[in-house]
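Working notes, structure below.
The values are calculated or read from the model by the stated rules, or taken from the named source; none is laboratory data. Values in this document were obtained by computation on a predicted structure and should not be read as measured data. Note: ideal-geometry Cβ built from the backbone for every residue, glycine included; neighbour counts use all protein chains shown.
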Amino acid sequence: MDAKIVENYEYAKGLYSQHGIDVDQVLNKLADIKISLHCWQGDDVRGFLFRDKALGGGIAVTGSYPGRAGTPGELRQDLEKALSLIPGKHKVNLHAIYADTEEKVDLDQLEPRHFQSWVDWAREQGLGLDFNPTCFSHPKAEDGFTLSHPDRKIRDFWIAHGQASRRIAEYFGKELGQTCVTNFWIPDGYKDTPVDRLSPRRRLKEALDEIFREAIDPRYNIDAVESKLFGIGSESYVVGSHEFYMGYAMSAGKALCLDAGHFHPTEVISNKISSVLMFVDQLLLHVSRPVRWDSDHVVVMDDELLEIARELVRGELLSRTHVGLDFFDGSINHVAAWVIGTRNTIKALLRAMLEPVERLKAAELDKDYTTRLALTEEFKSYPFGAVWDYYCARSGVPVREQWLSEVQAYERDVLLKR
């Protein structure tokens, strides 16, 4: 390891130790945190099951940056490259449309064997897998409704898909020895104001109850449900609102998913975390960056990302929280997007862990708000960057922007030749 990196790290350790922060212990804790990288960043949410189907269900990707993955092998190759530039051991999050099979099979007929190559690859790489039913970009979702559809036959199709998805997830968990989180998000809703808001929600609850009827050991699979405020084509009404899914998660014993882009432009999920985890056992986060709406920009080190990390660390909530990413930017290098977003998420958690939390809590209880404000501000300029550099070097990944040259070489040698 470069001597200057070690020297800077030792200096930073000394500063943090004055506040009772054991930096070595912090890095050991950080190494245990798994971020779930979303596969759909690598190919603009196209998948491999229905290769000619256009995006639908409120999903849109802008940009035509060259080199996106066109096969499961290419996608796995790109993920390997990204993961080689990110410290720690993580997970990969699959959507159902990423099945790797030459068989003509619809969503309601999917089985674990259609994902065997993903399981084999994850085992070789030492990764876990998460999963998502795909309730969009399908003929049976073209009118904007799936699990809450008034037509029982269409509803049954999506129920069967949800049931199949849980069995696939269970297989992932058993085979890889890492719990799979299966997240249910549906795009159902109306573009204009509906007359009947209640009936679709009744149908959705009944459909979810059917999907979850089969008992699955939580060692292998954890179910999560994800809300949304509005979407493209559902600007006025979304069946699966925050209130609906929070109530369902609490009553049905499911994890609740909070997506950073699925709320009002002035809302933040960091302020919801402590409230939600008082009433549900586990939380799933989809860390994204909305820009005025749910536009899924690449995660940057902004105030909200830091606040999300601080909530998890200050409340000791990481053990009950699954952190996944959810953005898809087709205007920049697809591999770089993963690297930037994931490194920032880990870096934010590190910054939160390098704060004198107990001292800040004590000052707050003593009504010493001067100390609280002074310390939180001063720690913003503490040398967390030196600790991050050391962590990257220790993990065998590039320090600082050195990763960019590797991605640029990969683009030249691999991506642009596709």
Exclusive hit being of a type in the set (V, I, T), in contact with a strand residue (DSSP E or B) (Cβ under 9 Å, 6 or more places away or on another chain) and modelled with pLDDT of 95 or more, set I35, I21, I5: I35
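Yes/no matrix, rows are residues, columns are (1) within 26 Å of E243 (Cα to Cα); (2) touching a Pro at 6+ places or on another chain (Cβ under 8 Å); (3) surrounded by fewer than 22 Cβ atoms within 10 Å (Cβ to Cβ):
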residue: L285; (1), (2), (3): yes, no, no
residue: R289; (1), (2), (3): yes, no, yes
residue: D303; (1), (2), (3): yes, no, yes
residue: S331; (1), (2), (3): no, no, yes
residue: H334; (1), (2), (3): no, no, no
residue: A337; (1), (2), (3): no, no, no
residue: G341; (1), (2), (3): no, no, no
residue: N344; (1), (2), (3): no, no, yes
Single residue of segment 308-329 satisfying the filter (in contact with a helix residue (DSSP H, G or I) (Cβ under 7 Å, 6 or more places away or on another chain) and of a type in the set (D, E, K, R)) that is surrounded by the most Cβ atoms within 10 Å (Cβ to Cβ): D329
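Being β-branched (V, I, T), touching a residue at least 40 places away in the same chain (Cβ under 8 Å) and not in a helix (DSSP H, G or I), is that true of even one residue in segment 142-157? Full working, then the answer.
At the first step, the residues of segment 142-157 found to be β-branched (V, I, T) are 146, 154.
In the following step, the residues that additionally are touching a residue at least 40 places away in the same chain (Cβ under 8 Å) were identified as 146.
Cutting the leftovers down to not in a helix (DSSP H, G or I) gives us 146.
Yes - at least one qualifying residue is present in segment 142-157.
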Test set (1) of a type in the set (D, E, K, R); (2) modelled with pLDDT under 95; (3) closer than 20 Å to D130 by Cα - R51 fails condition number: (3)
Condition met for D108 (within 23 Å of the chain's Cα centre (by Cα), charged (D, E, K, R) and part of a helix (DSSP H, G or I)): no
Those residues of segment 372-400 which are under 15 Å from R351 (Cβ atoms) and of a type outside the set (A, V, I, L, M, F, W, C), in sequence order: T376, E377, E378, K380, S381, Y382, P383, G385, D389, Y390, Y391
Scope segment 63-86; condition more than 29 Å from A393 (Cβ to Cβ) and assigned to a loop (DSSP other than H, G, I, E, B); matching residues: G63, S64, Y65, P66, R68, A69, G70, T71
Failed criterion for S137 (all others in (1) closer than 21 Å to V287 by Cα; (2) of a type outside the set (D, E, K, R); (3) part of a loop (DSSP other than H, G, I, E, B) hold): (1)
Filter pass, Y65 being more than 22 Å from L284 (Cα to Cα), hydroxyl-bearing (S, T, Y) and buried (at least 16 other Cβ atoms within 10 Å of the Cβ): yes
Any hit, segment 393-415, residues being surrounded by fewer than 15 Cβ atoms within 10 Å (Cβ to Cβ) and touching a helix residue (DSSP H, G or I) at 6+ places or on another chain (Cβ under 7 Å): yes
In segment 269-298, the residues that are at pLDDT 95 or above and either of a type in the set (G, A, S) or under 14 Å from R351 (Cβ atoms) (or both): S270, S274, S275, S288
Neighbours by Cβ (under 6 Å, 6+ apart or cross-chain): first from segment 88-107, under 16 Å from T71 (Cβ atoms) and surrounded by fewer than 17 Cβ atoms within 10 Å (Cβ to Cβ); second of a type outside the set (F, W, Y) and at pLDDT 95 or above: T101/H114
Hits in segment 206-258 (condition: touching a Pro at 6+ places or on another chain (Cβ under 7 Å) and closer than 20 Å to I159 by Cβ): V239
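Matching residues to (1) within 14 Å of D188 (Cα to Cα); (2) free of Cβ contacts under 8 Å to residues at least 24 places away in the same chain; (3) in a loop (DSSP other than H, G, I, E, B):
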site: R219; (1), (2), (3): no, no, yes
site: I222; (1), (2), (3): no, no, no
site: L229; (1), (2), (3): yes, no, yes
site: G240; (1), (2), (3): yes, no, yes
site: F244; (1), (2), (3): yes, no, no
site: Y248; (1), (2), (3): no, no, no
site: S251; (1), (2), (3): no, yes, no
site: F263; (1), (2), (3): no, no, yes
Filter pass, A352 being in contact with a helix residue (DSSP H, G or I) (Cβ under 6 Å, 6 or more places away or on another chain), surrounded by 19 or more Cβ atoms within 10 Å (Cβ to Cβ) and farther than 23 Å from L325 by Cα: no
